[in-house]
Amino acid sequence: MARWENGPGVLRGVPARVPVEIAASYRARTRGLLGRDGIEGALLLTPAGSVHTFGMRFAIDVAYLSRDFTVLAVRTMRPGRLGLPRLRARHVLEAEAGAMARWGVRPGVRLGVEPVR
C-alpha cells in the first residue's frame, strides 16, 4: 500500500481474525490509545518508530515492524513508560498486554494489514 489512511483494517499473518484501527494521520497517531480503557484488536501507528505510555490506563504490547511488516521486536509496556526508538521500525502495532503472545506475534514473523472499506 503506497499511502495509508485512518480507518479500520484486519491483521494478516496471525491465525485469528484481528481487527485493526489504522492511525496514519499525525492527529490519530498522537492520540493513539490515550484516554481509553482498552482496545478490541490492535492499533497500527504508521509511520512510527517509537511510542510512550504516558497518560495510558492499561499495559500494552508493542510490536515494532519494518517497512515490509516483519516484526523487529515485541515489548510489553506499563503505563507511564517511554519506549526506545527502533531505527529500522516504520510501523508500530499496539494491543492490550498479552495479546501479541496469543496471536503468535514474535520477532521474525511477517504480518500485514488489509484496510477494510
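In plain terms, the chain is cut at each of the chymotrypsin sites (Phe, Trp or Tyr not before Pro) found in a DSSP loop with at most 14 other Cβ atoms within 10 Å, and the longest leftover piece is 59-117. Taking all Cα pairs closer than 8 Å and separated by 6 or more residues, the relative contact order of the chain comes to 30 percent. Probing with 1.4 Å while keeping every protein chain in the model, the per residue accessible area of the chain equals 57 Å².
What's the longest bit of the chain with no exposed GluC sites (Glu not before Pro), using DSSP loop states and at most 14 other Cβ atoms within 10 Å as the test? Of all site-free stretches, the longest is 41-117. Pick from 85, 15, 107: which residue has the top mean-square fluctuation in a GNM of the chain where Cα pairs under 10 Å get a spring? Greatest mean-square fluctuation among the candidates belongs to 15.
The values are calculated or read from the model by the stated rules, or taken from the named source; none is laboratory data. This one's a predicted model, so the numbers in the text were calculated from it and none came from an experiment. As a convention, Cβ positions derive from the backbone with ideal geometry for all residues, glycine included, and neighbour counts pool all protein chains shown. Accessible surface areas use protein heavy atoms only, side chains included; no ligands, DNA or RNA. Shrake-Rupley method; radii C 1.70, N 1.55, O 1.52, S 1.80 Å.
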